[in-house]
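In what follows, a structure is listed as structure tokens, so that the remarks can point back to it.
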């Protein structure tokens, strides 16, 4: 029982990190960023190759992965996404789906569909706490994920740039009047979202095996958590992540491992209909009519 | 024909949004063939009342009767088919459809209680467009119209239902004086043909000129009711809405 | 008591009814249609097996794009996960033929019906969602249904997949069968859309796409119309899925609940022109032929190509070909109408 809870919590922390960038982009830009899956995957591969080629510890390569994807995200947003954002959410969803296809296919051609994993010396070890097994790696990932989410939250509330992003989310027109350059804010927001995805990807490379489609399952989680927690809400993402982690952990034991997607998505559809503003609900963009 | 019998009756009509009452305990009667004006400051609940009548939002409390039968809880399309048509303050033309198609919608779906076949509806739409003075633009698209013409289109769309009751929500807002006068004439013509009209308007001259009776709403409650002249002299109304200058200008 | 046209007064026709095509124009259409029909019927007789197969695939996508167009183009609901009905139809055919030994056409009919019923049941709840939220919910439904099918492995073969009975007949015969089957389904889809576009359902859907409140006070039962539209769209998609199952002869959930395929049909509809009758067909042919002709050889990069096409379509022709053409033609027609009036 306590093992189930611990597993759920540990996974939930990572889920929160996976979701927070996705939620940010959705909440601020009104863009459902399908390419988030590809950014997670790319982050994972950056860590993998730095480990394979230069022996970098995967935890130390997180900043590198974030930097690479930040630049990439900034370019995608300013060169492509910003041009079509006015066509609305469906068009940008389709666009980011296209970007996702391109990146995943490119990864497949470059690195093949082989399953790979990053296995530093400490990979198999863990901590036994009264019958509950806590692997070091997963604990570290959990703590780091939470730290990232908190740092990101501080960035939004304490820095000028963060404030500008929040203002843009609440009212783009008004933000523009106060001198905020919307296009630049969008590019930055998107870049930050990609960087957060990369951080999550790096951590995923230590915990799970990776392949070009590794991001997809996490994207579905990000979806559910964002809807659960409310668009653009960081506490919502944390709460949603942990709740989903726990729910899946219990579902695995009770109904079997094959049902986790069905559980997640049934949850998603129901919440969308019943409580579209999410559990902690400030909602930036309307849903139900 | 039973002149001046109540056609539409509201009893204790109430609507809450969250904890706030947008419309509170409003009783009203609309007699067949009359023009009833609804006035009040912004946020007084006029449009909410209209939304309640047309079924776009449900009543929180109270009842609404058409011909003595309750229409409470009916969806907007059923209410339209019972012969209650409306315009919107912010006009809602169907983009991607021609004016003729826009106007035909009401006839196609609600005229005579269930709508008429598409061809007949398109034909009727032509006649209605002629009536409101848009006859020469039948095959234009709505994005080619200026605001005054859009208001006319909005009116035409409602008329195509061949309504018994027509709800007009600020059809004259944003129009110049000449256009207001023309539209007033049109409303009078429609009323003369037997259509009962409930009208929300901020253009005081217009609403005083066309209404047989006026109801004044303030913070969701009815504070006065009566013929235009009487309402214009009412102390409550003057302090709440009209202001001294208007009353003195109009006063004897 | 009537504002206009009491039943007596609208006998006199002041205005001509909605513009009807002139006889010459109608004759031209008949010729074009006849040519198309001949062109559509002939391929299995003179093309190689490879090309017949390619065109069968084109016809399938055209049918799917037409079906999704009912939701996307008419009702304005981005049913991104519409492929769920394709999978439902495919598995209906597989299960009925494998487990219950039914004939193909009985199973196919059941596939259409089951998919339609599924949409009707989901519709009342899910169609309360608007815009992208509806789209996302349909993606979720597709995933959940796919997993359901995987988990019902006694019935469906689960993740290992299931083999559907082969078409009983020679290779030539089989090729022709599936070609005409898909052609028939495409014609059915396009015909359905054409009928919708001309009757009250089409008007109601276009109105609610533009403005739901506005449509509802005009007497359009928006709830019912949306559900009907989705039911029809799902039924057609289910039929195509059922045919696909028999054609492919082997099913796995990821093949037939493939969101990539769904988005592809969506892009086809947009590319050709959402809300037009033949736009999605044009879009489907353009996109499939393009990828087949130019990049189809590089099988590995298929998705890469699709991704690039998706990005380019969104960037440069978000309105679609047919709407682009339609707007130009429409402009001309309106000018012509004005001239006619000036003459008279």
Requested in this report: Using a Förster distance of 45 angstrom, determine the FRET efficiency expected from the C-beta separation of residue A:132 and residue C:100, and round it to 0.05.
Outcome: 0.35
**Report entry** Stokes-Einstein translational diffusion, chain A - Kirkwood Rh over all Cα pairs, 0.692 mPa s, 37 °C, in µm²/s
**Finding:** 172
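Got the relative contact order for chain B handy, in percent, Cα pairs under 8 Å and 6 or more residues apart?
Details: 495 pairs, mean separation 59.8, N = 252.
For chain B, the relative contact order is 24 percent.
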Requested in this report: Out of all DSSP beta bridges with both ends in the stretch B:113-250, state the antiparallel percent to the nearest 5.
Outcome: 50
Query raised in the report: How many Cβ atoms of partner chains, on average, are near each residue of C:120-129 if near means within 10 Å of its Cβ?
Result: 2
Query raised in the report: Taking the simple approach of a point 7 Å from Cα along Cα-to-Cβ for both residue C:312 and residue C:28, what is their distance in nm?
Result: 3.0
Requested in this report: Express the C-alpha Rg of the stretch B:74-114 as a ratio against the empirical globular expectation 2.2 N^0.38 Å, rounded to two decimals.
Outcome: 1.21
Query raised in the report: Among B:14, A:226, which comes first, second and so on when ranked by fewest other beta-carbon atoms within 10 Å?
Result: B:14, A:226
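Take every Cα pair under 8 Å in the stretch B:3-140 that's 6+ residues apart, average their separations, divide by the length, and report that relative contact order as a whole percent.
Reported relative contact order: 18 percent.
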Report task. Take peptide A:256-264, look around each residue's Cβ out to 10 angstrom, count Cβ atoms belonging to other protein chains, and average those counts. Result -> 4
**Report entry** Ordering of B:205-211, A:78-84, C:281-287 by burial proxy (mean other Cβ atoms within 10 Å per residue, highest first)
**Finding:** C:281-287, B:205-211, A:78-84
Query raised in the report: Build a GNM of chain A with springs between Cα atoms under 10 Å: which of A:32, A:253, A:141 gets the top mean-square fluctuation?
Result: A:253
Query - Radius of gyration and maximum dimension Dmax of the stretch A:131-289, Cα, Å - result: 17.4, 59
**Report entry** Neighbouring partner chain Cβ atoms per residue of C:143-154, average, 10 Å criterion
**Finding:** 4
**Report entry** Between 0 and 90°, nearest 10: helix A:160-170 axis offset from chain A longest Cα axis
**Finding:** 70
Report task. Let me know the whole percent of all Cα-Cα pairs from the stretch C:81-151 that are separated by more than 13 Å. Result -> 66
Report task. Output the antiparallel fraction of DSSP beta bridges having both residues in chain B, as a percent to the nearest 5. Result -> 55
Report summary line: Counting only DSSP beta bridges with both partners in the protein assembly as shown, the antiparallel fraction in percent, to the nearest 5, comes to 65
Requested in this report: Determine, for B:77, A:49, the number of other Cβ atoms within 10 Å of each Cβ, and report the residues in order from fewest to most.
Outcome: A:49, B:77
Report task. Can you tell me the order of A:116-125, B:186-195 when each peptide is scored by its average per-residue count of other Cβ atoms within 10 angstrom, highest first? Result -> B:186-195, A:116-125
Query - the stretch B:1-146: radius of gyration and largest Cα-Cα distance (Dmax), Å - result: 17.3, 49
Query raised in the report: What is the order of B:234, A:114, A:57, B:169, fewest Cβ neighbours within 10 Å to most?
Result: A:114, A:57, B:234, B:169
Query raised in the report: Ranked highest first by the average count of other Cβ atoms within 10 Å around their residues, in what order do C:67-75, C:137-145, A:40-48, A:173-181 fall?
Result: C:67-75, A:40-48, C:137-145, A:173-181
Report summary line: Contour minus Cα-Cα span, residue C:198 to residue C:160, at 0.36 nm per residue, comes to 9.1 nm
Query raised in the report: Using every alpha carbon pair in the protein assembly as shown, what percent of pairs falls into each 20 Å bin from 0 up to the bin containing the largest distance?
Result: 13, 39, 34, 13, 1, 0
Requested in this report: Just need the relative contact order of chain A here, percent rounded to a whole number, with Cα pairs under 8 Å and 6+ apart.
Outcome: 38
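Every read-out reported here was derived from the displayed coordinates using simple, explicitly stated rules and does not represent laboratory data. Bear in mind that the values here come from a model prediction, so they are computed numbers and not experimental data. Don't worry about glycine lacking a Cβ; one is built from the backbone with ideal geometry, like all the others, and counts go over all protein chains shown.
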